[in-house]
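K.L.:
First, the structure itself, so that you have it in front of you.
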Amino acid sequence: MTSIDDAPGLAPRIFRFSDVDEFRSSIRGLNVEFTPFVRRISAEQIILRLPGCDVNVTRAFPRVVDAQLVADCTAIGFTMDDSEVPIRFNGAQQDRSVIVVGDGGAAYNTVEETQRQIASLVFRPRMTDRGWPEARSSFKLFETSTEALNRLRRVVTEVVAAASEPIDAAEVLLKATAMRESLIGAVDAAMADIVPSRWTLWPNDERNFRMFREIRALLSDDPAQPIYSEEVARKLGLSVRTMHDVVRRYRGMSLHRFLRLRRLWLVRQRLLAGADSVKAVALAFGFWHLSDFSRSYRDQFGETPSETLERGRRR
């Protein structure tokens, strides 16, 4: 990992990662939890801070993300590239000509199956005078025109590039303020080109997202405990079929497959923290068949659990 933390003037900070265990989000105002699909990564985060606006461009890696905005801000998100494998955002697997909007406290979920480049603009305080859609509990996604999205991408690229150029100290505030206005104008244009789309109704339905978050919260209380679908569904007041449909929609996989992946990641974090033994950690997270656990762990992370534990104890 490398970072530029004390860059002068407008220069953006750049963070690069080749190890998923070292990856972290540097985006202010966003609480992020992720579960990786891969062990080896090549990720990059570019963070540019302007007056009242943070510009974030991330080259991410295959993963599941659960995130929530802090209070008093508005976030605009969109992809900076096109792919045949779209990001699954709040249960909708489509990201061409799409922008997402969230206000302070809003949450979202993504499933990113391939490496993608994603941009976000986080405005502080919350934007209230532009006529942008409100999204207070969960992020909303909208389909805009290809031209408007490409313009937004272009402005972000140009702003980040220009911010890297040398500048006199006396001009920093003027230039930064002008950059922010250009970004706001590009967002305005994208919002003006929003078209009604039936496919956005389901992911923008707050009831659906609330059901998913209730399921996730219940399962997160103790991820090591056995999951009996009927018991979980009963506690939530849902049918087993509805619960499985909701999880598959938001996670892109079955409940049991995701929980196994999540538990393997939690085991890894515990081993890297210097646990007492591999066996104790495996059992603590519900893995009783130790040979099957070791094989799954090696397939997922490219090393044995004991190798991870040894590396964690050397830290």
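The values are calculated or read from the model by the stated rules, or taken from the named source; none is laboratory data. Treat the numbers as computed from the prediction; the structure is a model and nothing was measured. Cβ sites come from the backbone with ideal geometry, for glycine too, and all protein chains shown count toward neighbours. SASA here: full protein model, heavy atoms, side chains in, ligands and nucleic acids out. Shrake-Rupley method; radii C 1.70, N 1.55, O 1.52, S 1.80 Å.
K.L.:
State whether the residues of the stretch 263-277 include one that is at pLDDT 90 or above and over 25 Å from the mean Cα position of the chain (by Cα).
P.N.:
yes
K.L.:
While we're here: Please state which of the following conditions residue 72 fails to meet, knowing it meets all the rest: (1) out of contact with any Pro (no Cβ under 7 Å at 6 or more places or on another chain); (2) within 22 Å of residue 177 (Cα to Cα).
P.N.:
Among (1) out of contact with any Pro (no Cβ under 7 Å at 6 or more places or on another chain); (2) within 22 Å of residue 177 (Cα to Cα), residue 72 violates only (1).
K.L.:
Here's something else I'd like to know. Just checking, does the stretch 255-262 include any residue being outside any helix (DSSP H, G or I) and surrounded by 13 or more Cβ atoms within 10 Å (Cβ to Cβ)? Walk me through how you get there before you give the answer.
P.N.:
Within the stretch 255-262, the subset outside any helix (DSSP H, G or I) is none.
Checked against the condition, which is being outside any helix (DSSP H, G or I) and surrounded by 13 or more Cβ atoms within 10 Å (Cβ to Cβ), the stretch 255-262 yields no hits at all.
K.L.:
Something else now. Starting from the stretch 258-270, take each residue that is without any contact (Cβ under 8 Å) to a residue 24 or more places away in the chain and farther than 13 Å from residue 33 by Cβ and list its partners that are among the β-branched types (Val, Ile, Thr) and assigned to a helix (DSSP H, G or I), counting only C-beta distances under 7 angstrom and pairs at least six apart or across chains.
P.N.:
Listed pairs, sorted by first residue: 270/281.
K.L.:
A follow-up question, please. Could you please let me know if residue 95 is out of contact with any Asp or Glu (no Cβ under 8 Å at 6 or more places or on another chain), within 30 Å of residue 257 (Cβ to Cβ), at pLDDT 95 or above and part of a loop (DSSP other than H, G, I, E, B)?
P.N.:
Considered against the rule, which asks whether it is out of contact with any Asp or Glu (no Cβ under 8 Å at 6 or more places or on another chain), within 30 Å of residue 257 (Cβ to Cβ), at pLDDT 95 or above and part of a loop (DSSP other than H, G, I, E, B), residue 95 comes out as no.
K.L.:
Can you find a residue that is surrounded by fewer than 13 Cβ atoms within 10 Å (Cβ to Cβ), of a type outside the set (Phe, Trp, Tyr) and over 23 Å from the mean Cα position of the chain (by Cα) anywhere in the stretch 198-207?
P.N.:
yes
K.L.:
Out of all the residues in the stretch 183-194, is one or more out of contact with any Pro (no Cβ under 7 Å at 6 or more places or on another chain) and either of a type in the set (Ser, Thr, Tyr) or at pLDDT below 90 (or both)?
P.N.:
No, because not a single residue in the stretch 183-194 is out of contact with any Pro (no Cβ under 7 Å at 6 or more places or on another chain) and either of a type in the set (Ser, Thr, Tyr) or at pLDDT below 90 (or both).
K.L.:
Please state which one of 192, 217, 233 is among the aliphatic types (A, V, I, L, M), surrounded by fewer than 15 Cβ atoms within 10 Å (Cβ to Cβ) and farther than 20 Å from residue 147 by Cα. Spell out the reasoning first.
P.N.:
Values: 192 fails: farther than 20 Å from residue 147 by Cα; 233 fails: surrounded by fewer than 15 Cβ atoms within 10 Å (Cβ to Cβ).
From the options 192, 217, 233, the qualifying one is 217.
K.L.:
From 306, 291, which residue is surrounded by fewer than 19 Cβ atoms within 10 Å (Cβ to Cβ), among the hydroxyl-bearing types (Ser, Thr, Tyr), out of contact with any helix residue (DSSP H, G or I) (no Cβ under 6 Å at 6 or more places or on another chain) and over 27 Å from residue 109 (Cα atoms)? Explain how you work it out, then say what you get.
P.N.:
Details: 306 fails: out of contact with any helix residue (DSSP H, G or I) (no Cβ under 6 Å at 6 or more places or on another chain).
Step by step, each of 306, 291 is checked, and only 291 is surrounded by fewer than 19 Cβ atoms within 10 Å (Cβ to Cβ), among the hydroxyl-bearing types (Ser, Thr, Tyr), out of contact with any helix residue (DSSP H, G or I) (no Cβ under 6 Å at 6 or more places or on another chain) and over 27 Å from residue 109 (Cα atoms).
K.L.:
Moving on. So which residues in the stretch 68-98 are farther than 18 Å from residue 117 by Cβ and open to solvent by less than 30 Å² (accessible area, probe 1.4 Å), if there are any at all?
P.N.:
69, 73, 74, 90, 91, 92
K.L.:
Restricting the first residue to the stretch 19-33 and requiring it to be of a type in the set (D, E, K, R), which pairs with a second residue that is surrounded by fewer than 16 Cβ atoms within 10 Å (Cβ to Cβ) meet a Cβ separation below 7 Å and a spacing of at least six or different chains?
P.N.:
From residues that are of a type in the set (D, E, K, R), the pairs are 21/272; 22/1.
K.L.:
Sticking with this one: Return the total of residues in the stretch 114-144 being assigned to a loop (DSSP other than H, G, I, E, B), under 24 Å from residue 63 (Cβ atoms) and either in contact (Cβ under 8 Å) with a residue 40 or more places away in the chain or not small (Gly, Ala, Ser) (or both).
P.N.:
Final tally of qualifying residues: 5.
K.L.:
Specify the residue that is least open to solvent (accessible area, probe 1.4 Å); the eligible residues are those in the stretch 23-40 that are polar (S, T, N, Q) and in a loop (DSSP other than H, G, I, E, B).
P.N.:
26
K.L.:
Here's a check for you: in the stretch 1-22, which residue that is at pLDDT 80 or above and not in a strand (DSSP E or B) is surrounded by the most Cβ atoms within 10 Å (Cβ to Cβ)?
P.N.:
By that ranking, first place goes to 10.
K.L.:
Something else now. Would you be able to say whether some residue in the stretch 147-169 is among the basic types (Lys, Arg), open to solvent by 70 Å² or more (accessible area, probe 1.4 Å) and over 26 Å from residue 86 (Cβ atoms)?
P.N.:
Looking through the stretch 147-169, none of the residues is among the basic types (Lys, Arg), open to solvent by 70 Å² or more (accessible area, probe 1.4 Å) and over 26 Å from residue 86 (Cβ atoms).
K.L.:
Moving on to the next point. When the stretch 36-51 is examined, which residues are found to be over 17 Å from the mean Cα position of the chain (by Cα) and modelled with pLDDT of 90 or more?
P.N.:
If the condition is that a residue be over 17 Å from the mean Cα position of the chain (by Cα) and modelled with pLDDT of 90 or more, then 48, 49, 50, 51 are the ones that fit.
K.L.:
Also: Please pick out the residue among 101, 65, 111, 55 that is touching a Ser or Thr at 6+ places or on another chain (Cβ under 6 Å), open to solvent by less than 40 Å² (accessible area, probe 1.4 Å) and either at positive phi or in a strand (DSSP E or B) (or both).
P.N.:
Matching residue, one of 101, 65, 111, 55: 65.
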